[in-house]
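Single-structure report; data block below.
The values are calculated or read from the model by the stated rules, or taken from the named source; none is laboratory data. Predicted, not measured: the structure shown is a model, and the values here were computed from it. Don't worry about glycine lacking a Cβ; one is built from the backbone with ideal geometry, like all the others, and counts go over all protein chains shown. Keep in mind that these areas ignore ligands, DNA and RNA; they rest on the heavy atoms of the full protein, side chains included. Shrake-Rupley method; radii C 1.70, N 1.55, O 1.52, S 1.80 Å.
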Amino acid sequence: MDLFYFAWLREKVGTGSEQRTLPADITTVAALVEWLKTQSPGHAAAFADPALVRVAVNQDHAGLDAIVTDRDEVAFFPPVTGG
Amino acid sequence: MIHVQTEDFDAGALLNGLLNDPAAGAVATFTGTVRDDSGTLTALTLEHYPGMTEKQLQALEDDARRRWPLSDVVIIHRYGRLIPGDRIVFVGTRAAHRADAFAACEFLMDWLKTRAPFWKQEQYGDRQTWVEAKASDDTAADRWS
């Protein structure tokens, strides 16, 4: 699975992107977030308050209940501030 | 036409490019620039999600074209390090009548602010802070749904 992090989530995780093999029992964004929190102190800090985090699956906005597989591209970021 | 770029753009040239269709009676444009409320902003750096940005902007253009009879749409958004007064974003719409051009231009800006994956970081001297999203931007976008 390709994972991307942007803005302050990138800073807290310590990288803008990483590849990980998704454990078979993880099928939703919410479960993915809980698993990522266990991967490093940086991940734990980035996802400390999930209410601040937005998600995209395969470059479309998605919710915590979205289904994910190991073939998906998932990105985590704060609410967008362009324009 | 959608461009996501670090380079500056010429808003006048983009406007003139839209003003070349005798069948269209209306062109509306919006240009956003880096605002310095306090007079102490050193720089504004925009980060974006390459790939998703273009995909979301194209989806916005497609949505606008479904809602209004537009003969052309231009969206330019910059990223990277900008300073106060720099141009950030340009949206232009062309239609037969002004109501459609105005509405589509405003729709595109409102939705861009809540859907396009850009993030602004302000720099004041040595201090850097991420800009937080505004609830008023969500409200502005919601009125189109």
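General remarks:
- B:Asp62 vs. criteria over 18 Å from A:Gly83 (Cα atoms) and either under 17 Å from the mean Cα position of the chain (by Cα) or modelled with pLDDT under 95 (or both): yes
- All conditions in (1) within 24 Å of A:Phe4 (Cβ to Cβ); (2) out of contact with any Lys or Arg (no Cβ under 8 Å at 6 or more places or on another chain); (3) within 14 Å of chain A (Cβ to nearest Cβ) hold for B:Leu60, with the sole exception of (2).
- Matching residues in the range B:26-37 - criterion: being open to solvent by 70 Å² or more (accessible area, probe 1.4 Å) and touching a residue at least 40 places away in the same chain (Cβ under 8 Å): B:Phe30, B:Thr33, B:Arg35
- The set of residues from the range B:50-76 being under 16 Å from A:Ala62 (Cα atoms) and touching a strand residue (DSSP E or B) at 6+ places or on another chain (Cβ under 7 Å) comprises B:Met52, B:Thr53.
- Scanning the range B:39-52 for residues that are more than 14 Å from chain A (Cβ to nearest Cβ) and free of Cβ contacts under 8 Å to residues at least 40 places away in the same chain returns a single hit, B:Gly39.
- For B:Asp8, the requirement of being open to solvent by 40 Å² or more (accessible area, probe 1.4 Å) and either under 11 Å from the mean Cα position of the chain (by Cα) or modelled with pLDDT of 95 or more (or both) is met.
- When B:Glu61, B:Glu106, B:Glu54 are screened for being more than 19 Å from B:Ala141 (Cβ to Cβ) and among the charged types (D, E, K, R), only B:Glu54 passes.
- The one condition from (1) surrounded by 15 or more Cβ atoms within 10 Å (Cβ to Cβ); (2) more than 21 Å from B:Arg127 (Cβ to Cβ) that B:Leu44 does not meet is (2).
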